[in-house]
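This report refers to the structure that appears directly beneath it.
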Amino acid sequence: MVDPNDPAAKALGYVEVATQADATRFKNYAAGQACSNCSLFAGKPGDAAGPCPLFAGKQVAAKGWCSAYIKKAG
Ligand code: SF4
């Protein structure tokens, strides 16, 4: 799993629980966003965690969030 305290994670504002996102620092955060509905999340629906290309070799929490969030189409 990605450590939220890892410098690369901190730079992206990654948190394991999306509601803890720093909405002051990251104006693009909106309620309801989470890794599980981000287009970059490579986990399967229902998985608690899955791969994200921004954190190669590690998994991000399905309920997590980072500032590179892109809403999954559809
Ligand atoms: S890019 Fe998407 S899936 Fe990856 S950590 Fe950020 S919000 Fe989560």
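Within the stretch 1-25, how many residues turn out to be touching a strand residue (DSSP E or B) at 6+ places or on another chain (Cβ under 9 Å), more than 21 Å from Pro51 (Cβ to Cβ) and not hydroxyl-bearing (Ser, Thr, Tyr)?
Number satisfying all stated conditions: 2.
What's the total number of residues in the stretch 24-48 that are open to solvent by 90 Å² or more (accessible area, probe 1.4 Å) and without any contact (Cβ under 8 Å) to a residue 12 or more places away in the chain?
4
Only residues that are outside any strand (DSSP E or B) and either within 6 Å of the ligand (Cβ to nearest atom) or open to solvent by less than 50 Å² (accessible area, probe 1.4 Å) (or both): list them for the stretch 49-74, please.
Hits for the stretch 49-74 are Cys52, Leu54, Phe55, Ala62, Gly64, Cys66, Ser67, Ala68, Tyr69.
Considering the stretch 30-48 alone, what residues qualify as being near the ligand (Cβ under 10 Å from one of its atoms) and either in a strand (DSSP E or B) or among the charged types (D, E, K, R) (or both)?
Correct list: Cys38 only.
Every residue in the stretch 10-29 that is closer than 10 Å to Ser67 by Cβ and assigned to a loop (DSSP other than H, G, I, E, B), please.
Gly13, Tyr14, Ala21, Asp22, Arg25, Phe26, Lys27, Asn28, Tyr29
The values are calculated or read from the model by the stated rules, or taken from the named source; none is laboratory data. On a predicted model such as this, the values are computed, not experimentally measured, just so you know. Cβ: placed from backbone, ideal geometry, glycine included. Neighbour counts: every protein chain shown. For the accessible areas, the whole protein counts, side chains as well, though only heavy atoms, and no ligand, DNA or RNA atoms are used. Shrake-Rupley method; radii C 1.70, N 1.55, O 1.52, S 1.80 Å.
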